[in-house]
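Enquirer: The structure that follows is given in the form of structure tokens.
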Amino acid sequence: MKKHLETAFPRPVHRTSELSSDLARKIASLIGSAEKRITEIPGLSLHRRTAPTDLCPATYEPSVTVVAQGKKQVELGQNTFIYDPSRFLLTSIDLPVVSRVAEATEETPCLVLLLKLEMATIRELLSLAEIYVDSAPSDALAMVTGDATPEFLDACCRLLALLETPRDIPFLSGLIQREILYRVLQGSAGARLRAIATVGDHHQRTAKAIAWIKANYAKPIRVEDLAQIAGMSVSTFHRYFRVLTAMSPLQYQKRLRLQAARGRMLLDGLDAASAAFEVGYESASQFNREYNRFFGQPPMRDVRALRSPGASVLEPLAR
């Protein structure tokens, strides 16, 4: 009798495994041998890696990242997040991080679905009386992992299935994306999204200042001005900034500058001095010192290594 009931009502862990496998098959079919595919569905991209990678600086945008196969690792300050088919990664603001592919082979590549977040849609969902989300702890980072439930994975599979019927994308993709966000909001990670999306919340006001830094990273910044943008005292702003990002505002700006300079040298062919001034450095020697400390080698040597055959440069530039 017990065996019959288990057959009639599959245990959630079996259903989750089946859906993860289905999602992996869909991603593999849609991405082929490419490392990245920007899909026709707004905000949705697919990623594939066939070998583990070294830790690499990157900036993660507000997004939900689902690993259908393999494993990834992200470090934010002293915090390490591991996510695989059982757990998705939620990033609620732009965050400079260090990340790597932890598990991947040619036979079993790391297959990833990334869905960018639209804060307006999240606020719309939070305004509905039927949706209740717990408040985030005052010390909650802006990055967290959440359980990849069968309902969540099923919605992800249906979103990918729309790529096989492009005519349905304009009408159905928004509906399914709203369902995915609903599943996130109803889980343990939902409190992070609520805090960032709720106008007037300290986390949301801090996120407003963080967005200003990202848009103006090449300009000189004063913490007093950032606190004014957030509508807080300097001490309160400092505290919430560190809570969300695990770093100070100046450390945040420095990481954005260094990553932007790396991209300008790699993609636009700028020399180190030109890239340094483009991103706001007044001293080329200071730029070289900080670049060497952050990336582990001087700027042009780092760029030459990234351009060498077999080097993987998509991760830091993919977000």
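Please treat every number below as a calculation from the coordinates, not as lab data. Bear in mind the structure is a predicted one, so any value in this text is a computation, not a measurement. Glycine also receives a Cβ, built like all others from the backbone with ideal geometry; neighbour counts cover every protein chain displayed.
Enquirer: Figure the gain on full extension for S33 and L55 (residue separation times 0.36 nm, minus the Cα-Cα span) and round it to one decimal in nm.
Expert: Values: separation 22, 0.36 × 22 = 7.92 nm, distance 2.29 nm.
Residue separation times 0.36 nm, minus the Cα-Cα distance, leaves 5.6 nm.
Enquirer: For segment 203-319, what is the relative contact order in percent, using Cα pairs closer than 8 Å and at least 6 residues apart in sequence? Working shown, then result.
Expert: On the way: 94 pairs, mean separation 23.0, N = 117.
Computed value for segment 203-319: 20 percent relative contact order.
Enquirer: If you don't mind, there's one more thing I want to ask. Report the full-extension gain for the segment A284 to S233: residue separation times 0.36 nm, less the Cα-Cα distance, to one decimal in nm.
Expert: Details: separation 51, 0.36 × 51 = 18.36 nm, distance 3.38 nm.
Extending this stretch completely gives an extra 15.0 nm.
Enquirer: Further question on the same structure: Assuming a strict under-27 Å limit between Cα atoms, what lysine pair count do you get for the chain once near-sequence pairs (fewer than 8 apart, same chain) are dropped?
Expert: 20
Enquirer: Additional query: Principal axis extents for segment 251-317, Cα atoms only, whole Å, descending order, please.
Expert: Projected onto its principal axes, the Cα set of segment 251-317 covers 34, 22, 19 Å.
Enquirer: Another question, if that's okay. What's the extension gain from D134 to Q297 if we count 0.36 nm per residue and subtract their Cα-Cα distance?
Expert: Values: separation 163, 0.36 × 163 = 58.68 nm, distance 4.44 nm.
Length gained, D134 through Q297: 54.2 nm.
Enquirer: Another one. As an exercise, use a Förster radius of 45 Å and the Cβ-Cβ distance of L267 and S127 to find the FRET efficiency, rounded to the nearest 0.05.
Expert: 0.65
Enquirer: Counting Lys and Arg as +1 and Asp and Glu as -1, each charge on the Cβ, what is the dipole of the chain about the Cα centre in debye, to the nearest 20? Provide the component values of the computation, followed by the final result.
Expert: Details: 40 positive and 34 negative charges, 88 e Å.
About 420 debye.
Enquirer: Within 14 Å, Cβ to Cβ, of W212, how many net charges do the neighbouring residues add up to if Lys/Arg are +1 and Asp/Glu are -1?
Expert: Details: positive: R205, K208, K214, K219, R222; negative: D94, E224, D225.
Every neighbour counted, the sum reads +2.
Enquirer: May I pose another question? Of H202, L185, F241, whose Cα points farthest to the positive end of the dipole of the chain (charges on the beta-carbon: +1 Lys, Arg; -1 Asp, Glu; origin at the Cα centre)?
Expert: Value computed over the given set: F241.
Enquirer: Within 10 Å of each residue's Cβ, count the other Cβ atoms and sort H14, H238, H203 from fewest upward.
Expert: Numbers: H14 11, H238 17, H203 23.
Ascending number of Cβ neighbours within 10 Å: H14, H238, H203.
Enquirer: Can you order the peptides 56-66, 22-32 by their average number of other Cβ atoms within 10 Å per residue, highest first?
Expert: On the way: 56-66: 20.1, 22-32: 17.8.
Packing proxy ranking, top to bottom: 56-66, 22-32.
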